[in-house]
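The values are calculated or read from the model by the stated rules, or taken from the named source; none is laboratory data. All values reported here derive from a predicted model rather than from experimental measurement. Cβ atoms come from the backbone with ideal geometry, glycine included; neighbour counts cover every protein chain shown. Quick note on the areas: whole protein, heavy atoms, side chains included, nothing else; ligands and nucleic acids left out. Shrake-Rupley method; radii C 1.70, N 1.55, O 1.52, S 1.80 Å.
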Amino acid sequence: MSYLLHIDSSSLGADSVSSQVARSFRGAWDAPVVHRDLAASPVPHLGAAGIAAWGTAPARRTPEQAAAAAVQDELIEEFLGASAYLFTVPMYNLTMPSAFKAWLDHVIVKGRTFGLPDGPAASGRPALVVSARGGGYGPGTPNHGKDFVVPALETILHDMLGLEVTSLTPELTMAPVVPALTHLIPLHEASLTDAHQQARRQAEKFRDQITA
């Protein structure tokens with residue numbers, strides 16, 4: 001076992017429900033953790049220099065391309081060094097925080113993490129996505145079909161990076177603070193309790209899977 005890579009993209013720090021559930025996972029994880037907080041220390045969004053660096057030999061890169069490649073190298077090496085992954089990705093305006101998308105754009109590089117002859121470099125490694133949201137997005141709700149976080153991440157992380165993805169979605173986090181949603185507090189509390197329990201179970205499952 002190497003380490004768990006925890007990529008956190010919540011802007012709310014300790015008040016983040018996604019981060020609170022992630023802490024339940026980490027509380028049951030008794031192995032090394034590398035934690036990258038993208039809200040506190042965001043990575044730059046992928047620009048022209050970073051894109052050009054992919055197809056340019058190191059000796060021919062401009063200083064801007066070399067700097068962008070150094071960022072990519074650091075993030076990719078950190079990603080590939082992990083044996084399991086924890087992604088804290090709350091829903092902001094129906095989709096993922098831009099900080100997390102920026103991280104993905106640096107890590108998804110053909111020939112290094114995907115597009116390899118034998119499949120993705122991290123193929124088969126377990127990953128947990130924790131994505132809290134203020135409303136409800138399940139079947140029968142007014143927002144059903146408007147979750148552009150979890151379906152997208154499950155496709156990207158599994159189909160492109162080869163990870164075995166499990167997702168937890170504690171819902172209705174606005175119920176305790178929006179008067180019109182007060183009647184939904186019991187559903188929110190049940191969703192949150194289940195997410196914490198599932199997070200602890202997933203930590204144990206991941207550990208057993210990695211050490212088997």
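In the chain, the longest principal axis of the Cα atoms and the axis of helix 98-107 are about 40 degrees apart. The stretch between Gln209 and Leu12, if pulled fully straight at 0.36 nm per residue, gains 67.8 nm over its current Cα-Cα span. Accessible surface ranking for Ser11, Ser19, Ser167, 1.4 angstrom probe, highest first: Ser11, Ser167, Ser19. Select from region 135-212 those chymotrypsin sites (Phe, Trp or Tyr not before Pro) which occupy a DSSP coil region and have at most 16 other Cβ atoms within 10 Å, ordered by residue number. Passing both the DSSP loop test and the Cβ count: Phe148. Tilt of helix 185-211 relative to the longest C-alpha principal axis of the chain, in degrees (0 to 90, nearest 10)? In the chain, helix 185-211 runs at an angle near 40 degrees to the longest axis.
Solvent-accessible surface of protein heavy atoms, probed at 1.4 angstrom with all chains present, puts Asp159, Asp37 in the order Asp159, Asp37, largest first. The distance separating the Cα centre of region 92-137 from that of region 1-50 comes to 13 Å. Per atom type, the chain shows carbon and sulfur on 56% of its accessible surface, probed at 1.4 Å.
Averaging the sequence gap over all C-alpha pairs within less than 8 Å and six or more residues apart, then dividing by the number of residues, gives the chain a relative contact order of 25 percent. Amide hydrogen proximity for Glu164: with H placed 1.01 Å from N in the peptide plane, the residues at 5 or more positions away or on another chain lying under 5 Å are Gly124, Arg125, Ala127. Can you say what percent of the DSSP beta bridges in region 63-212, counting only those with both residues inside, are antiparallel? Round to 5. Rounded to the nearest five, the antiparallel share is 10 percent.
Of Ser123, Ser9, the order by accessible heavy-atom surface (1.4 Å probe, DNA, RNA and ligands excluded), from most exposed downward, is Ser123, Ser9.
Database remark: amide H of Val34 closer than 5 angstrom to the amide H of Leu4, Leu5, His6 (H placed geometrically; neighbours at sequence offset of 5 or more, or on other chains; Pro and chain starts carry no H). Send over a whole-number figure in Å² for the accessible area per residue of the chain, probe 1.4 Å. Value returned for the chain: 48 Å² of accessible area per residue.
Please report the relative contact order for region 40-144, taking Cα pairs under 8 Å with a sequence separation of at least 6, and give it as a percent rounded to a whole number.
29
The solvent-accessible area of His45, taken with every protein chain present and a 1.4 Å probe, is close to 120 Å².
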